[in-house]
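What follows is one structure encoded as structure tokens, with my remarks underneath.
The values are calculated or read from the model by the stated rules, or taken from the named source; none is laboratory data. Since the model is a prediction, treat every value here as computed from it, not as a measurement. Here the Cβ is made from the backbone with ideal geometry for all residues, glycine too, and neighbour counts use every protein chain on show.
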Amino acid sequence: MLRRVGPHHEIIANGVFLMDTRNGESERLMVNAAADRMPAGTTMLIGGLGVGFSLREALGHPSVGSVVVVEREPSVIEWNRNELGNAGVLADPRVRVVRADLLTYLPAAGRFGALCLDIDNGPEWTVDEGNASLYDRTGLAMIGTALAPGGVLAVWSAGRSPAFTAALAERFGAVETLEIPVPRGEPDLVFLVIRSRSDRGN
């Protein structure tokens, strides 16, 4: 559901608040952190269109050659084209919007210089139970095959997740965690890992 609150919009799923147009600081940080570390001129995949903050930021970064946005909810794509005012951004020739579930799209999608995942509310806070499999060891193995050597994975989360951090470290090595303060409660987080350039396997 898209809800208007004064000059802003909120997206609600199953009665749970997901995101709004008020700030977007953590989404922009996620994209910039990944783009700063990705191989220059490669393609960034953004999992979850949201309200368009991540896509806008990616298009403004010099290292991002092109962007694939994977969004499974057709209503979110339509809201971005209409009420959210992002029609011009979606029409940019560097952008391809794919209406699909990331879990089914990614295995045959090829390899990317960066994957920025803003799916649900992160590993510990999934509104849709099906999204939880993206964050387990099987999901991370699938993600690893979609990263080019030297590629970056950035994952947004509404809170800490020791189990997910351990799984990331097991698959990719060192995990960098960035914190974004919020008005109430614990900070939003962005987890960052880089696929080794010597990692040539699946």
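Would you kindly identify the strands (runs of 3 or more DSSP E) lying entirely within segment 12-75 that contain at least 2 residues that are without any contact (Cβ under 8 Å) to a residue 12 or more places away in the chain and buried (at least 21 other Cβ atoms within 10 Å of the Cβ)? Fully inside segment 12-75 and qualifying: nothing.
Inspection of segment 150-160 finds a residue satisfying the criterion of being farther than 27 Å from Phe17 by Cα, surrounded by fewer than 19 Cβ atoms within 10 Å (Cβ to Cβ) and either free of Cβ contacts under 8 Å to residues at least 40 places away in the same chain or small (Gly, Ala, Ser) (or both).
For segment 193-202, a residue qualifies if it is under 15 Å from the mean Cα position of the chain (by Cα) and in a loop (DSSP other than H, G, I, E, B), but none of them does. List pairs: first residue in segment 90-105 and aromatic (Phe, Trp, Tyr), second residue loosely packed, with under 14 Cβ neighbours inside 10 Å anywhere in the structure, Cβ distance under 9 angstrom, at least six positions apart or on different chains. Cβ pairs passing all conditions: none. Would you check if there is a residue in segment 36-43 being in contact with an Asp or Glu (Cβ under 7 Å, 6 or more places away or on another chain) and either modelled with pLDDT of 95 or more or of a type in the set (A, V, I, L, M, F, W, C) (or both)? No, because not a single residue in segment 36-43 is in contact with an Asp or Glu (Cβ under 7 Å, 6 or more places away or on another chain) and either modelled with pLDDT of 95 or more or of a type in the set (A, V, I, L, M, F, W, C) (or both).
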